[in-house]
């Protein structure tokens, strides 16, 4: 029987769990000598972390907007991109 290795616990930061997005943000700050402005102005667009450098997941943009969700769910033609006229 083999021993299953446990994954290391994520580092805690000021009482908060270090999520993957926060880890990326920290890496970008480390790469930019701790300067948030330099992270914003990062010229390395070929970096795999570039879209996540500001501490947000661009793939989730707009998912928390209840008004937009209500508008899209009330008009099914709008959500599929079909025109009604």
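Output the number of residues of the stretch 1-35 satisfying the condition of being closer than 14 Å to residue 55 by Cβ and either part of a loop (DSSP other than H, G, I, E, B) or modelled with pLDDT under 90 (or both).
Qualifying residue count, the stretch 1-35: 5.
Among residues belonging to the stretch 36-85 that are modelled with pLDDT of 90 or more and surrounded by fewer than 11 Cβ atoms within 10 Å (Cβ to Cβ), point out the one that is nearest to residue 19 (Cα to Cα).
Within the stretch 36-85, the match that is nearest to residue 19 (Cα to Cα) is 48.
The values are calculated or read from the model by the stated rules, or taken from the named source; none is laboratory data. Note that this is a predicted model, so its numbers are computed, not measured. Please note: Cβ atoms are built from the backbone with ideal geometry, for glycine as well, and neighbour counts cover all protein chains shown.
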